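The values are calculated or read from the model by the stated rules, or taken from the named source; none is laboratory data. Computed from a predicted model, the values in this text were never measured in an experiment. Because the Cβ atoms are built from the backbone with ideal geometry, glycine has one as well, and the counts that use them run over all protein chains shown. In case anyone asks, the SASA skips ligands and DNA or RNA and just uses the protein heavy atoms, side chains included. Shrake-Rupley method; radii C 1.70, N 1.55, O 1.52, S 1.80 Å.
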Amino acid sequence: MDWHDQQDLARYRRRKRKQRDYQADYRAKLAEAKTPERDDVAAVLMGVYLDVLVLDHKAAVEFSRRLVEGLVADGYDRQASMERIRAMARRVRARMQAKGGLTATE
């Protein structure tokens with residue numbers, strides 16, 4: 001990036017520093033209050049979803065359809081999204097089988 005005006009560069013750096021400090025303070029407050037961020041909630045939800053998908057596929061069909069539709073609406077490829085979810089479910093199934101919580105026929 002070519003900065004012709006040094007004052008613009010200084011303002012840009014001040015703004016970025018202020019944003020960085022604000023974010024760090026915000027995340028520290030969330031951590032102190034033990035408040036999960038959106039990504040934390042999404043990660044837990046995805047884990048629960050994958051457990052349900054592995055254990056009771058029929059119960060997860062509508063949820064799966066809506067999940068894929070949401071990803072497609074966000075601009076992701078339908079087939080790639082479905083394959084990613086299947087791959088994640090296969091890993092969860094393998095982990096459950098390794099722990100002895102799932103038989104090979106389930």
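Worth pointing out:
- The dipole here belongs to the chain: it is taken about the Cα centre, uses +1 on the Cβ of Lys and Arg and -1 on the Cβ of Asp and Glu, and is about 300 debye.
- When the residues TYR26, TYR76, TYR12 are ordered by accessible surface, computed with a 1.4 Å probe over the protein chains alone, the sequence from largest down reads TYR76, TYR26, TYR12.
- Among the trypsin sites (Lys or Arg not before Pro) found in region 10-77, those both in a DSSP coil and sparsely packed, with 15 or fewer other Cβ atoms within 10 Å of their Cβ, are LYS34.
- Protein-only accessible surface order, largest first, of LEU67, LEU9 at 1.4 Å: LEU67, LEU9
- Lys/Arg +1, Asp/Glu -1 at C-beta; region 1-77 dipole; positive extreme among LEU71, LEU53, ALA31: ALA31
- Structure-based [θ]222 nm, the chain - -39500 (n - 2.57) summed over DSSP H runs of at least 4, per residue, nearest 500: -26000 deg cm²/dmol
- Spread over its residues, the convex hull of the C-alpha atoms of the chain is 175 Å³ per residue.
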